[in-house]
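What follows is calculated from the coordinates using simple rules that are stated; it is not laboratory data. Since this is a predicted model, take the numbers as computed values, not measurements.
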Amino acid sequence: MSQLDNYWQETGGGCEHEIIMQSTIRTNKTARIVEVWDNWVEHYNEEPLYTGLGANDSMYMLYYAIQTIGSFNTEKIIKVIEGIDEVNYVVGAFGNFLKF
């Protein structure tokens, strides 16, 4: 709960020395993060956690593959995703999608 942006208010300042990890903040770390962040805050009225941004990137990769082939064909989608690498990368909110 301490990763939520309203934790300070909810604890009445009692979390003054809480240590948390927030892997992403609203900054231009990637070309997509500010837009994704602002849309998230507008829609949910709170800052996204790293798990939410990871889920967003996963759905964006699927969207990218579908848009690339213009189809919902699973085998074709898989081939597009498997073709993502250091040269043919996709910019996500967290960073570039690369093949590992």
inquiry  = Can you tell me the length gained on complete extension of the stretch ALA55 to HIS43, counting 0.36 nm per residue apart and subtracting the Cα distance?
reply    = 2.8 nm
remark   = Length gained, GLU35-ASN6, 0.36 nm per residue minus C-alpha separation, equals 8.3 nm
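Please state the equivalent ellipsoid semi-axes for the chain: what are the square roots of 5 times the Cα gyration tensor eigenvalues, largest first, in whole Å? Walk me through the numbers before you get to the answer.
Values: eigenvalues 223, 36, 25 Å².
Semi-axes (√(5λ), whole Å): 33, 13, 11.
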